[in-house]
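Working notes for the structure below.
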Amino acid sequence: MFAERLTLTSLLLTTAARGVPFFRLEQHRRERMFQRAGIHAFHAELPNGRVRYWAGGPTDARPLLMVHGFGGDALFGWYTQGEFSKDRFILVPDLLWFGDSVGAVPDYSPEYQAETLMQLMDHLGVREFDVAGISYGGFVALGIADRFPDRVGKLVIVDSPGHVYTLDDYHAMLDRIGLDSITEMVVPDDMRGVKRLMKLAYHRPPPVPSFVARDVYANLFVQHKAEKVRLLDNLIARADPARRPDYNPTQPTLIVWGEHDILFPLALAHRLADAIGPLAQVHVVPSANHAPNMERPENFNRAVRAFLAQPGRTARLASVAK
């Protein structure tokens, strides 16, 4: 994390001295990190829309599908996990209405996102894989694991309460952050909203000067803003007991959580683990908020890679069935 802060400081100084847009420099830096790990960008035309995805790693290794959350796209959500490609063939798509992915129809449900990612897997000829999802991506990952149990071996959920989240939880969160709607935070209206988002995502947020926040807002949050609001509205509506899905994932599941998550407190991680049952385990990332994979990548990467390297799910499922 210290090295990451030095890099950000260097970028800020370069931006100020040369007048180069911060976002362009930061995007290029993250692209280079992926490319050095052998991960490159591609596009796929699917029935549900046009999807950009990053892919790389040994083609004979077990695939890992990585699903990002709000506040960015595939590159900005997972750039600190490039090392996963050392022993995995990783697939990191932009969800519909994020990055360079666009939906074919106005369906804003997590189920449609999950269906789209399965279309991508079919398009690439990937039959069996593991899946990891962070925040909003965790809802999507849970849907994939529940609906396609024969194709998903292991499941990693990061700071995402999934189907145990209630309207009471939602209103308690709004009280904590002092807002009337979550949309005000994760789909900001201006550069001030970007600064607020960083403070709520990081336990120790990096410095965000106004000119940087303005540039990030223009590049990450203006495009497809109306569609992102509808995605959130659909997600919030599912907290209603009458609309809440009843997921029953059968995969070994690692639930990774930032110790100081303001949006989704740590108690939700244990509630989700209890709902999934004995196949679930919780790993807490210390000194991290809602983005533990970016704030504490060493801890996060070590825990996830160790979990994925454990023996396959067949024996685990058999022992539970007994």
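Bear in mind that the values in this text are calculations on the coordinates, not laboratory data. Only a predicted model underlies this, so the values are computations on that prediction, with no experimental measurement involved. Here Cβ is always computed from backbone atoms with ideal geometry, including for glycine, and neighbour counts include all displayed protein chains.
Things to note:
- The convex hull built on the alpha-carbon positions of segment 93-159 has an orientation-averaged projected area of 4.4 nm².
- For segment 40-166, the alpha carbon convex hull comes to 100 Å³ per residue, rounded to a whole number.
- Least to most buried among Asp274, Asp215, Asp159 (fewest other Cβ within 10 Å first): Asp274, Asp215, Asp159
- Close amide H pairs (under 5 Å, H built 1.01 Å from N) link Ala132 with Leu65, Met66, Val67, Val156, residues at least 5 positions away or on another chain.
- Inter-part distance where segment 291-308 and segment 200-226 are each reduced to a Cα centre, Å: 23
- Alpha carbon centroid spacing (whole Å) that separates segment 124-143 from segment 153-199: 20
- Model label zone, Asp240; criterion: amide N under 14 Å from point 7 Å along Cα-to-beta-carbon; scope segment 159-176: 167-168
- Per-peptide packing, taken as the mean over residues of other Cβ atoms within 10 Å, places 104-116, 252-264, 176-188 in the sequence 252-264, 104-116, 176-188 from highest down.
- Neighbour-count ranking [beta-carbon atoms within 10 angstrom, fewest first] of Lys228, Lys199, Lys154, Lys86: Lys86, Lys199, Lys228, Lys154
- D_trans [Stokes-Einstein, Kirkwood Rh over alpha-carbon pairs] for segment 161-264, 20 °C, 1.002 mPa s, µm² s⁻¹: 138
- Working note: 222 nm ellipticity from helices only, DSSP H runs with n ≥ 4, each -39,500 (n - 2.57), summed and divided by the residues of the chain, gives -14000 deg cm²/dmol to the nearest 500.
- Volume of the convex hull of segment 22-77 (Cα atoms only), normalised per residue: 103 Å³.
- Where the alpha-carbon atoms of the chain are placed on the principal axes, they occupy 65, 45, 41 Å, in descending order.
- Note, ³J(HN,Hα) from phi for segment 246-259, Karplus 6.51, -1.76, 1.60, rounded to Hz, x at Gly and Pro: 10, 7, 9, x, 10, 8, x, 10, 9, 9, 9, 9, x, 4
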